[in-house]
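Report on the following structure.
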Amino acid sequence: MDSQEQARVGVRRTVIRTIAVLIGMFGFAFALVPLYDVFCSITGINGKVDATAKSVVHEEVDESRYINVQFITRGSPGLPWQMSVEMRQMSVHPGQMAEVDFTFTNNSSSESWGRAVPSVSPSTATTHLRKISCFCFQEQQLQGNERLTIPLVFQLARDLPDDINTITLVYTLYPIEHVIQNAALDNTLKSSANNELINDPINNLSNTPKNNKAAGEAI
Amino acid sequence: MAPKLPPQPPLQHSTTAVADGQSHGHAAPPKGIFRWLLTTNHKEIGSLYLIFSLTMFFIGGIFALVVRAELFQPGLQLVEPEFFNQMTTMHGLIMVFGAVMPAFTGLANWMIPLQIGAPDMALPRLNNFSFWLLPVSFTLLLSTLLMPGGGPNFGWTFYAPLSTNFAPPSTTFFILALHIAGISSILGAINIIATILNMRAPGMRLMDMPLFVWTWLITAFLLIAVMPVLAGVITMMLMDINFGTSFFDAAGGGDPVLFQHLFWFFGHPEVYIMILPAFGIVSAIIPTFARKPLFGYASMVYATAAIALLSFLVWAHHMFIVGLPLVAELFFMYSTMLIAVPTGVKVFNWVTTLFRGSISFESPMLFALAFVVLFTIGGFSGLMLAIAPADFQYHDTYFVVAHFHYVLVPGAIFAIMAGVYYWLPKWTGHYPNEKLAQWHFWFSIIGVNLTFFPMHFAGLAGMPRRIPDYALQFADFNLLSSIGAFFFGASQLLFVLGVILCVRGGKKAPAKAWEGAEDLEWTVPSPAPLHTFETPPVFHRTSH
């Protein structure tokens, strides 16, 4: 019965190994989530702009090129807001700083929280779009029927690839759930202790990364 | 797991029953339903898998006919669009996870121990468990159709956020059902790997194994590698739906495109899981009826392994239009086209096996030949879809539907039917009624082509998939497809009739039921007794 004993040992070994692979692959599926985020934030290929404020780079404006920057705003079910932009598109030189006003309107009579999530197309332009100030770095709170205008300040890096002539920036509004709202509120309160200027979006840059994290991780 | 566990009585019992069964007689099997609930015999479990799969094939087929009936003419006639979406989704899920995969597992259960000279599968009780998970899973899945809000309606690919934010409440049950089906597949795969690697007849090397065993070994590795990824994806969905996470929700920092990456990292190897065993079946049948050994055995093995490896590098060709960077489009386009090379090797080998063979056209051979021709057509339309710029046009049109139905229906399903007709004499001891089988074949081949060929044209003309209504210019193509679908569906009743008649009687089959058949399964009597190869057979190397 030697060979049978051998087969039994072999079966056990095979089973242990396959189960190890199984567990490894299950872990791999979850490991892909942070890996994907890291990969995308390095390459920018999912069009997600780095949600932290950039400082202005004072470089010479490249006046030989005009880049057409388009803005698209989208609402989403569950949030009775309207988002509009002062102009649908503008032409800028690489290196030039530009500002455009976005207006949020709460069409309902109750207060609510929302967040505008950006996406850049073509994705190769993502890492060359530097946002100096953006409402998308944090959630917005609107009282009933409130209307709020916030500027977006951005700069296109001079090393923008030559083949890009048009950049489209899409903002999609998402409602912020109650749970997240509280976490974000906590964070806001904490940071407002350090920063009195919380209501001024441009000066609010130092604490925005933290707030922004809260939206992603409070859950 | 500790290496030196004291031997556990039940484990010991089951393994000795497997290992030294020749020394004592087998206890009489329990009667009635318990015989099937408790069986650990690979042949009985194989039959259960096949019967289950056939049942699911008809349920999924009825869903497809609801879809085709609605698409018979433009406009909304029979069902609500919401229900239409549930039908397309359920048709896909049932056919993939309930019909094709269990059918191959059933054939593996029946034939792998017989082909390698093993007395049973390595883990017989696990085998029983992995089968009985399936009825549980699919009862749960089908029951979602009766729940408030209906069943899954987001397509078999269940893309987030359709399957998370906008999904019916029953989605949690869908996730559980898929988890159970996944566990069943995983356990089946472990069992198959353990059997093939450890229980071959003395003297049988890996490169002596029949190709059906080889293709299943590779398929089982694919299952082990990707089913956990599917489990991971649906677990993330579950958490997004019920526990407030944001894996796939942009509002919370997630990304819906990540879902597609994860899904297709599972999904593309999955489509090879559904076709590799078919290659194995066809590689057994063609040499038998051409009365020549298979041409290029080793290259068949390497081609199968190459296809399996490449399947991990091509997933994003399903996502050419999500906005991949150019370099990724090129990479996935070329790596996808590379798969045509090993697949071409296979088709070449089959054709060369036929060359100057002494061919006869019994029903298994007819289905196998139809497989080679029609699967190749499906492969070519796949190559067209692999061209990224062309795919921008074809994506989510009926051209895609035509493509994957050509590789799955006259591909996987025809191979399964070929296998059933080929091995029925071994299972039942009777030849299937050849006349009936031939009618079944010719009706099927007309039905399949009438159903799916016009879909190519509808797709190229721009008809999108997964819609209950369509523009008038697609009416003629859809009319033909619908007629073909009902014709094909009805002709499958001939298959059921043929199988039932064959079980009940028919021309007696000898041990070697087909003149040119060479593998070990043809050395045991027909019908194969419940217990075979209790003493390992002497394996004589043939001329691979």
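Considering all different alpha carbon pairs of the stretch B:193-281, the Kirkwood hydrodynamic radius works out to 15.2 Å. In this structure, the residue pairs whose Cα-Cα separation is over 32 Å, taken from B:LYS346/B:LYS508; B:LYS292/B:LYS426; A:LYS48/B:LYS346, are B:LYS346/B:LYS508; A:LYS48/B:LYS346.
Per-residue shielding of B:236-247, expressed as the average number of other chain Cβ atoms within 10 Å of the residue Cβ, stands at 2. Ellipsoid fit via the Cα gyration tensor, chain B: semi-axes of 37, 28, 24 Å, each the root of five times an eigenvalue, largest first.
Relative to the longest principal axis of the Cα atoms of chain B, helix B:414-428 runs at roughly 30 degrees.
The alpha carbon radius of gyration of the stretch B:287-397, expressed as a multiple of 2.2 N^0.38 Å, is 1.29. Starting from the Cα of B:GLN77, move 7 Å in the Cα-to-Cβ direction to define the label point; list residues of the stretch B:46-64 whose amide nitrogen is under 19 Å from there. Residues passing the 19 Å test: B:62-64. Could you work out how far helix B:171-198 tilts from the main Cα principal axis of chain B, as a 0 to 90 degree angle to the nearest 10? Value to nearest ten degrees: 30. Within the stretch A:109-160, the trypsin sites (Lys or Arg not before Pro) that combine a DSSP coil assignment with at most 16 other C-beta atoms in a 10 angstrom radius are A:ARG158. Size of the stretch A:1-122 from its Cα atoms: along the principal axes, largest to smallest, the extents are 85, 48, 22 Å.
Peptide A:16-22 is shielded by partner chain Cβ atoms: per residue, an average of 5 of them sit within 10 Å of its Cβ. Counting beta carbons within 10 Å around each of B:SER143, A:SER64 and listing the fewest first gives the order A:SER64, B:SER143. Neighbour counting of Cβ atoms within 10 Å sorts the residues A:ARG8, A:ARG13, fewest neighbours leading, into A:ARG13, A:ARG8. Over chain B, Cα pairs under 8 Å with separation of 6+ residues give a relative contact order of 18 percent.
For A:ASN145 and B:VAL503, the FRET efficiency from 1/(1 + (r/R0)^6), where r spans their Cβ atoms and R0 equals 56 Å, is about 0.15. Per residue, the average separation of C-alpha pairs within less than 8 Å and at least 6 apart gives the stretch A:67-175 a relative contact order of 41 percent. Shielding of peptide A:26-32 by partners, expressed as the average count of other chain Cβ atoms within 10 Å per residue Cβ, is 6. Evaluate E = 1/(1 + (r/R0)^6) for A:ARG158 and B:LEU330, where r is the Cβ-Cβ distance and R0 equals 22 Å; express this FRET efficiency to the nearest 0.05. That pair, A:ARG158 with B:LEU330, gives E of 0.20.
Note on A:SER41 and A:ILE72: the model spin-label points, each 7 Å out from Cα along the C-beta direction, lie 2.6 nm apart.
Residues A:ILE42, B:ILE377, arranged from fewest to most other Cβ atoms within 10 angstrom of their Cβ, appear as A:ILE42, B:ILE377. Computed on the protein assembly as shown, the Cα convex hull volume stands at 189 Å³ per residue. With everything on Cα atoms, drop me the angle between helix B:398-407 and the longest principal axis of chain B, reported from 0 to 90° to the nearest 10. Between the helix axis and the principal axis of chain B, the angle is about 0 degrees.
Taking label points 7 Å from Cα along the Cα-to-Cβ direction, B:GLU534 and B:VAL322 give a separation of 5.5 nm.
Rule-based calculations on the coordinates, nothing more; no lab input. Given the structure is predicted, the values throughout are model-derived calculations rather than measurements. Please note: Cβ atoms are built from the backbone with ideal geometry, for glycine as well, and neighbour counts cover all protein chains shown.
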